[in-house]
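Notes to accompany the following structure.
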Amino acid sequence: MASMSEQTRNAVWGALCDLEWNKRYYAAMADKYKRNHLTVRFSILSGIVVEGFILYFAGEHEWLFGFALALGLLLAVGTIWDALSDYAQNAANLQTAEFTCDSLLQEVEDLWRAIETGRIEAEDAESALQAIKRRWAASTERARVRTDKRINDKAYDEANEDIRNRYAVQ
């Protein structure tokens, strides 16, 4: 059985917990950004339909032109917001980070099992962990959005509980 330092074991365990946390967080944030994207797009498209009806009836009721103008300005602001917020691209970047974290999580789980069963030397475990951490950092680099504390805390708590339960650690 290969001897493994407690520091290496703790580093691998920390990576295991953090990757599960990141995977959950990025998945939840990707879903949030997809919903935001669809909400903005649906609002714009619905507003265009309403604008058409208002303009159609504005010929008979001149007072409707004020509503049409206000709605037109709201649609312009919504369109600019849609272009600047880039919810779709952020959702795609977050989803890519989620998939990468999931893949790396599988590698760290294999590494953890190898450590637990003594099938790997300490130096090999350290170098494998460092390689995983480099790929992890590179994969999450583009997924830069404002942190949602509620989602982050929930993902952290659920991930740690799941990992503890999965590996029967108290």
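The values are calculated or read from the model by the stated rules, or taken from the named source; none is laboratory data. All figures in this text were calculated on a predicted structure; none of them were measured in a lab. Please note: Cβ atoms are built from the backbone with ideal geometry, for glycine as well, and neighbour counts cover all protein chains shown. The accessibility values were calculated without ligands, DNA or RNA, using every heavy atom of the protein model including side chains. Shrake-Rupley method; radii C 1.70, N 1.55, O 1.52, S 1.80 Å.
Quick rundown of the values:
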quantity	calculated
Positions within segment 37-61 being surrounded by 13 or more Cβ atoms within 10 Å (Cβ to Cβ) and polar (S, T, N, Q), in sequence order	S43
Selection within segment 60-100 - touching a Lys or Arg at 6+ places or on another chain (Cβ under 6 Å) and of a type outside the set (G, A, S)	N93, E98
Unmet criterion (only one of (1) in contact (Cβ under 8 Å) with a residue 40 or more places away in the chain; (2) out of contact with any Ser or Thr (no Cβ under 9 Å at 6 or more places or on another chain); (3) farther than 29 Å from A168 by Cβ) for L105	(3)
Which numbered condition R119 misses (of (1) touching a Lys or Arg at 6+ places or on another chain (Cβ under 9 Å); (2) open to solvent by less than 40 Å² (accessible area, probe 1.4 Å))	(2)
Residues of segment 73-111 classified as over 14 Å from N36 (Cα atoms) and either open to solvent by 40 Å² or more (accessible area, probe 1.4 Å) or out of contact with any Leu (no Cβ under 9 Å at 6 or more places or on another chain) (or both), total	18
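Yes/no per residue for (1) in contact (Cβ under 8 Å) with a residue 40 or more places away in the chain; (2) in a helix (DSSP H, G or I); (3) of a type outside the set (F, W, Y):
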position	(1), (2), (3)
G78	no, yes, yes
A91	yes, yes, yes
R119	yes, no, yes
E126	yes, yes, yes
